[in-house]
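Working notes, structure below.
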Amino acid sequence: MTETAVTPKIELPPTLLAGGRANLIGLSRSELAEEIVKLGEKPFRARQLWQWLYVRGATSFDTMTDIAKPLRARLAERFAVARPAITRHQQSIDGTEKWLLRFTDGQEAECVFIPEEDRGTLCVSAQVGCTLSCTFCHTGTQRLVRNLEAGEIVGQILVARDALGEWATPEGNRRLTNIVMMGMGEPLFNYENVAQALKIVMDPEGIAVSRRKITLSTAGVAPRIRQCGAELRVMLAVSLHAVNDELRNRIVPLNRKYPLAELLAACREYPGLSNARRITFEYVMLKDVNDSPMDARALVKLIQGIPAKINLIPFNPWPGAPYECSSPEAIAAFAAVLMKAGYIAPVREPRGRDIMAACGQLKSASERERKSRRDAVAVA
Ligand code: SAH
């Protein structure tokens, strides 16, 4: 692995910046147009600006050569084009890249780029920390939690595209082709900001990632699944992990609020499902907890009739975790039951293990390092 520590540049607030300037990143198209009209300009200027921001990836007004200089100066007085600061960049031996990003209030979140043969996926965070406390997930053990703003979510994609150097690259030649809301946090607990961010990312005149290439992963906030299906119609992934309420209540405590029957009803109603557009059920393989062939058979029954694929995720251990990963034999036997029932059930190969970029581990390494630094100072 290679690692670069990057000295953070000036820290810029998400929506309001030093000198009272507002960040344009994160505004919807209509909000941007409103701001432009407030300046006494014609609304088409907003469209020009939008293209600078999201087609060419402009980071300052100086480069916007088809906008008259006096207007550029007025824009720069009131607004900024701010990305989160990169505080750390790591690259795994398998090509996975991870960025630790710092927002204006000093909070941090990570995003991860996973290159594969036929695609490149950016795993994006929705919150700093997470309130869910799934017992197998390390993010749930972090103390601080806050929602990310729309601009901070879009900012993760901007930072990745800056780093990959693919602004103004035609869709067919891009490395970053897919987006998964599978980083830190529960996206459906931050629905408004996630929705606003994804609408910016999907806009055909901008970054233009189609909704078929965006997957939102949820632990099962059933009412919001309906809203997400109606408004965003992105692909849906559901972190199922258990096939009965008794076990799921324990390992995904959100199940106590939205039990399996309610969750699966919301999945069945998800719009636009077909064999070409399936729901992904994620299932973490926990040794002797949820990995028996009986569980696999119950899973088949539970999701019957839903166009689905099942991602089997080998449990990624972390220090002090109360679980072990299922044996390769148990995973293979589990997958065999699903495949026999006609489901695609790939076993997800953990990516970026050497840089702690795998599922449920985001930011845990840097948190731990900080804690040990604090402890060291306390001892001294
Ligand atoms: N809150 C959302 C998205 C974040 S987690 C959700 O729950 O879906 C992304 C995926 O990684 C989820 O399926 C989560 O259950 C899984 N995961 C978390 N910790 C893990 C671990 N230690 N090993 C394997 N998968 C894990």
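Side notes on the structure shown:
- According to the Kirkwood relation over distinct C-alpha pairs, the hydrodynamic radius of segment 72-129 is 13.5 Å.
- Inter-centroid distance (Cα atoms) of segment 158-228 relative to segment 82-147, Å: 14 Å
- Cα gyration tensor shape of segment 18-80, rounded if a/c is under 1.5, else prolate or oblate by comparing a/b with b/c: rounded
- Folded to 0 to 90 degrees: helix 191-202 orientation relative to the chain principal axis, Cα: 70 degrees
- ³J(HN,Hα), Karplus 6.51/-1.76/1.60, whole Hz, each residue of segment 263-280, x for Gly, Pro: 4, 5, 4, 5, 5, 4, 7, 4, x, x, 6, 7, 5, 8, 10, 9, 7, 9
- The Cβ shell under 15 Å around residue 350 holds other residues with a net charge of -2, Lys and Arg each +1, Asp and Glu each -1.
- The angle between the Cα long axis of helix 293-302 and the main principal axis of the chain comes to about 60°, on a 0 to 90 degree scale.
- Amide H contacts under 5 Å for residue 88, placed H, 5+ residues apart: 6, 100
- Over 29 Å between alpha carbons, listed pairs 38/98; 98/309; 257/309: 38/98
- Phi angles of segment 208-213 translate, via the Karplus equation with coefficients 6.51, -1.76, 1.60 and θ = phi - 60°, into HN-Hα couplings of 6, 8, 6, 4, 6, 9 Hz per residue; Gly and Pro are given as x.
- Alpha-carbon spread of the chain, three principal axes, descending order, Å: 70, 59, 38
- Against the chain, whose longest principal axis comes from its Cα atoms, helix 29-38 is set at around 20 degrees.
- Backbone amide hydrogens, once placed in the peptide plane, bring residue 351 within less than 5 Å of 359, excluding anything fewer than 5 places away on its chain.
- Protection proxy ranking of 262-275, 220-233, 176-189 - average other beta-carbon atoms within 10 Å, highest first: 176-189, 220-233, 262-275
Throughout, read-outs are computed from the coordinates displayed, never taken from laboratory work. Every value quoted in this text rests on a predicted model; they were computed, and no experiment measured them. Cβ atoms come from the backbone with ideal geometry, glycine included; neighbour counts cover every protein chain shown.
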